[in-house]
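Read through the structure below, which is laid out as structure tokens, and then see the notes.
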Amino acid sequence: MEVRAVTCVTYSPTRTTHKVVSAIATGLGASAITDVDLTWRKVGIKVTVAPDDVAVFGVPVYAGRVAATAVERLRTAKGRGTPALLVAVYGNRAYEDALLELADLVVASGFVPVAAAAFIGEHSYSTKEAPIAAGRPDVQDLEQAHAFGRSARALLESVTHPRDLVPLVVPGNRPHRRGMREGDVAPSTLPDLCTLCGLCGDVCPVGAIEVGDAVETDGLACTLCSACIKVCPTGARVMEDEGILRTARWLASEHGARKEPVIFLP
Ligand SMILES: Cc1cc2nc3c(=O)[nH]c(=O)nc-3n(C[C@H](O)[C@H](O)[C@H](O)COP(=O)(O)O)c2cc1C
């Protein structure tokens with residue numbers, strides 16, 4: 001089959017997943033690329049991808065699973081035997097069952113997974129004091145993402161229909177491991193540094209932040225994605241929860257050694 005149009009479907013609060021998927025889409029070399037970014041869209045937006053398009057799904061890994069908000073929003077994507085590339089981006093610890101969960105999700109929605117990859121992105125909890133995969137994906141990662149797109153293109157061009165390919169095997173377990181536990185934890189705002197500019201509220205994927213005379217955060221709705229911390233221009237938005245800070249220090253010390261992307265082709 002020819003690779004003519006590519007639809008990228010991503011969820012990416014701190015943008016690392018989006019960067020990786022964009023590089024893969026360029027590597028696929030299609031004449032048309034559609035960017036369906038579900039990060040700030042509410043559940044219910046429908047995306048239908050034609051059978052002769054290629055879809056690229058990109059999600060961040062939370063607790064070894066696909067981030068739960070991404071699962072909800074990706075369910076609205078429908079394929080009709082459409083070939084799909086699967087991409088999980090993780091913060092240099094592990095991606096565990098996330099790729100398999102993503103494969104199960106897209107198969108149930110009418111896609112045919114043909115290739116998959118796990119890439120590394122700066123950990124959402126990474127700070128100057130406790131850096132975890134800081135600056136990833138870097139130039140080297142994005143070159144590998146581009147090369148993955150080129151390999152996937154060659155693979156698709158080698159068959160008439162994606163169903164003619166040897167089935168793709170991705171790692172992971174069923175049932176999938178236990179995901180994130182719910183809790184009432186969220187970043188906080190230091191009033192002395194906050195200018196009430198509202199950027200934190202704008203980037204929150206779940207609308208958990210209200211900015212008026214002060215910044216109010218709904219800790220039960222917060223997914224800890226850290227988009228608000230990374231976007232804050234004055235450093236007023238911070239994580240103060242001792243449990244998360246301990247986890248961040250542990251990740252920096254135990255998972256500081258650079259990991260490399262892995263690619264799965266049939
Ligand atoms: C709540 C939460 C849980 C996470 N769990 C994992 C994990 O299990 N393994 C890992 O390596 N990274 C984990 N991460 C890090 C993200 O997968 C990583 O930072 C990713 O690059 C974020 O993608 P984004 O930039 O598209 O939002 C977690 C991040 C958050 C916020």
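Largest to smallest in accessible area, the residues VAL56, VAL206 fall in the order VAL206, VAL56 (1.4 Å probe, all protein chains included). Database note for the chain: Cys without another Cys beta carbon under 4.7 angstrom, CYS8, CYS194, CYS197, CYS204, CYS222, CYS225, CYS232.
The solvent-accessible area of ILE244, taken with every protein chain present and a 1.4 Å probe, is close to 20 Å². By accessible area, using a 1.4 Å probe on protein heavy atoms only, the stretch 188-240 has 53% of its surface on carbon and sulfur. Rounded to the nearest 10 degrees, the inclination of helix 242-254 to the longest alpha-carbon principal axis of the chain is 50 degrees. Excluding ligands, DNA and RNA, the accessible surface per residue across the chain is 46 Å² with a 1.4 Å probe. Per-residue extension of 0.36 nm, minus the Cα-Cα distance of ALA68 and LYS230, leaves a gain of 56.3 nm for this segment.
The residues ARG153, ARG73, ARG177, ARG4, sorted by heavy-atom accessible surface at 1.4 Å with ligands and nucleic acids left out, run ARG4, ARG177, ARG153, ARG73 from largest to smallest. Length available on full extension from LYS46 to VAL166: 0.36 nm per residue minus the Cα-Cα distance, which gives 40.2 nm. The helix-based estimate of mean residue ellipticity at 222 nm for the chain, built from -39,500 (n - 2.57) per DSSP H run of four or more residues and divided by its residue count, is -8000 deg cm²/dmol to the nearest 500. For the stretch 10-122, the fraction of 1.4 Å probe accessible surface lying on carbon and sulfur atoms is 55 percent. Give, as a single signed number, the net charge of other residues whose beta carbon lies under 15 Å from the beta carbon of VAL231, with Lys and Arg counted +1 and Asp and Glu -1. That works out to +1.
Peptides 96-103, 78-85, 159-166 ranked from most to least packed by the mean count of surrounding Cβ atoms within 10 Å: 96-103, 78-85, 159-166. Reducing the stretch 45-83 and the stretch 124-150 to their Cα centroids gives an inter-centroid distance of 22 Å. The long axis of helix 139-157 is offset from the longest Cα principal axis of the chain by roughly 30 degrees.
Simple rule: put +1 on each Lys or Arg Cβ and -1 on each Asp or Glu Cβ in the chain, find the dipole, and look at PRO261, TRP40, ALA116; the Cα lying farthest toward the positive end is ALA116. A Stokes-Einstein calculation at 20 °C with viscosity 1.002 mPa s, built on the Kirkwood radius of the stretch 119-266 over Cα pairs, returns a diffusion coefficient of 116 µm²/s. The mean sequence distance of close C-alpha pairs (under 8 Å, at least 6 residues apart), as a share of the length of the chain, puts its relative contact order at 22 percent. Given +1 at the Cβ of Lys and Arg, -1 at the Cβ of Asp and Glu and no other charges, the dipole of the stretch 163-266 around its Cα centre is 820 debye to the nearest 20.
For the chain, the dipole from Cβ point charges (+1 on Lys and Arg, -1 on Asp and Glu) about the Cα centre works out to 660 debye, to the nearest 20.
At the residue level, TRP250 shows approximately 120 square angstrom of accessible surface with a 1.4 angstrom probe and all protein chains present.
At full extension, THR195 and ASN173 could sit 3.3 nm farther apart than now, given 0.36 nm per residue minus the alpha carbon distance. Among ILE132, PRO60, VAL87, whose Cα projects farthest towards the positive end of the dipole of the chain, with charges put on the beta-carbon of Lys, Arg (+1) and Asp, Glu (-1)? Going by the charge dipole, the pick is VAL87.
The values are calculated or read from the model by the stated rules, or taken from the named source; none is laboratory data. Keep in mind that what you see is a predicted model, and the values were worked out from it rather than measured. Cβ coordinates were reconstructed from backbone atoms using ideal geometry, including for glycine residues, and neighbour counts include every protein chain displayed. Side chains are part of the model used for accessible areas, which takes the heavy atoms of the whole protein and leaves out ligands, DNA and RNA. Shrake-Rupley method; radii C 1.70, N 1.55, O 1.52, S 1.80 Å.
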